[in-house]
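First the structure, in the form of structure tokens, and then the observations on it.
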Amino acid sequence: MSEPTRRHLLGVGDLTRADAERLLDTARALERSLDREVKKLPTLRGRLVVNLFYESSTRTLSSFELAAKRLSADTMVLRASGSSVDKGESLRDTALTLAAYDPDVIVIRHPHIGAPHLVAGATAAHVVNAGDGKHQHPTQALLDLFTIRESLGRLEGVTVAIVGDVLHSRVARSLVEALLLVGAEPVLVGPPTLLPRRIEALGCDVSHSIDALGDVEVVYVLRMQAERMESAYVPSLREYTALYGVTPERVRPGQVVMHPGPMNRGVEIDPRVADSGASLVTAQVRSGLVVRMAVLYDLLTAPGLRVAVPVMEVA
Ligand code: NCD
């Protein structure tokens, strides 16, 4: 007998435009609760959200944790270091162990592409991908859409330059798909070595010139992902900064600047830009909380997200 199918958020490809817009609307409604003195909502009381993190995280983990708590769910964090993962336990065995607690949602970050899919196949929980290798980071893309919509008042036709290390960035992959899904217009900007070949097949523009920033409404700066670079992709960080660093001179009045964090100040982004009135970086963090509340709420209470992976029965 096969298990009923469950809804997951494994990549932006799991979402229709209507799904994305519903999640953003839900996030907006939930945002109002943040201004109350008592911020907790009873919605997910008695539910269990497990955060399983095999890579370091500040914003993503803290916001999932707080999002679940603000909705009154129980939460558990399992980090790879200090757990039996250190002793060589496989992801599947770790997932089966956690499944014994009957979690409603497992949020997973893992260095390997497809790890969230494996967990979705091995447990009966709803699975949310909080970043798998260079592949996907769908809740980051949703929080970025939310931030842009709140700042500019619309998404349709918004022009966004995504600047820097696209090659190693799951944020860029998810964001390009998400922007295209809602009718925005992404352009990828960076040196040829940091832009995946044939990426324009996704339907976005590509430019190797930093001057392309002049044409857009949103400048989205990516972190130089040194930990994912096996060989030299740029002659030196100093040269990268000279050619592609986002400096005050390269930002024109009226533009907004975003960065998923963590920022390498002085490398991909000048501190004067990061701390300027044009920066939406802290707004992004706040959006992360309400968007993750919306995702948990949607998965557990509303008939929303399309089914991505049929759940296999676990023997
Ligand atoms: C990103 C990540 O881990 O994918 N951080 C985040 O979630 N805000 C981006 C990065 O590490 O550069």
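Some points to look at:
- Rg(Cα) / (2.2 N^0.38 Å) computed for the chain, rounded to two decimals: 0.99
- Shape category assigned to the range 25-163 from the gyration tensor of Cα positions, a/c cut at 1.5: oblate
- Heavy-atom surface analysis with a 1.4 Å probe gives the chain a carbon and sulfur content of 52 percent of its accessible area.
- MRE, 222 nm, helices only [DSSP H, n ≥ 4, -39500 (n - 2.57), over the chain, to nearest 500]: -10000 deg cm²/dmol
- Rounded Å value of the spacing that divides the Cα centres of the range 238-293 and the range 41-113: 29 Å
- The range 138-284 - Rg over Rh from alpha carbon coordinates, Kirkwood radius: 0.92
- Counting only DSSP beta bridges with both residues in the chain, the antiparallel share comes to about 5 percent.
- Qualifying trypsin sites (Lys or Arg not before Pro) for the range 171-214 [loop in DSSP, other Cβ within 10 Å: at most 15]: Arg197, Arg198
- Taking Cβ atoms as reference points and 11 Å as the exclusive limit, the residues near Ala274 contribute a net charge of -1, counting Lys and Arg as +1 and Asp and Glu as -1.
- Inter-site label distance for Glu156 and Ser33 at 7 Å from Cα along Cβ, in nm: 3.1 nm
- Accessible surface, per residue, of the chain when the full set of protein chains is kept, probe 1.4 Å, Å²: 43 Å²
- Accessible-area order (highest first, 1.4 angstrom probe) of the listed residues Thr282, Thr241, Thr193: Thr282, Thr193, Thr241
- In degrees, nearest ten, helix 138-152 long axis to first principal axis of the chain (Cα): 50 degrees
- Scanning the chain for GluC sites (Glu not before Pro) in DSSP loops with at most 15 neighbouring Cβ atoms within 10 Å leaves 231-312 as the longest stretch between them.
- Linear extension gain, Leu41 paired with Glu200, 0.36 nm per residue minus alpha-carbon span: 53.0 nm
The values are calculated or read from the model by the stated rules, or taken from the named source; none is laboratory data. Every value quoted in this text rests on a predicted model; they were computed, and no experiment measured them. Methodologically, a virtual Cβ is constructed for each residue, glycine included, from the backbone with ideal geometry; neighbour enumeration extends over all protein chains shown. The protein model used for the area step is the full one, side chains on, heavy atoms only, and it has no ligands, DNA or RNA in it. Shrake-Rupley method; radii C 1.70, N 1.55, O 1.52, S 1.80 Å.
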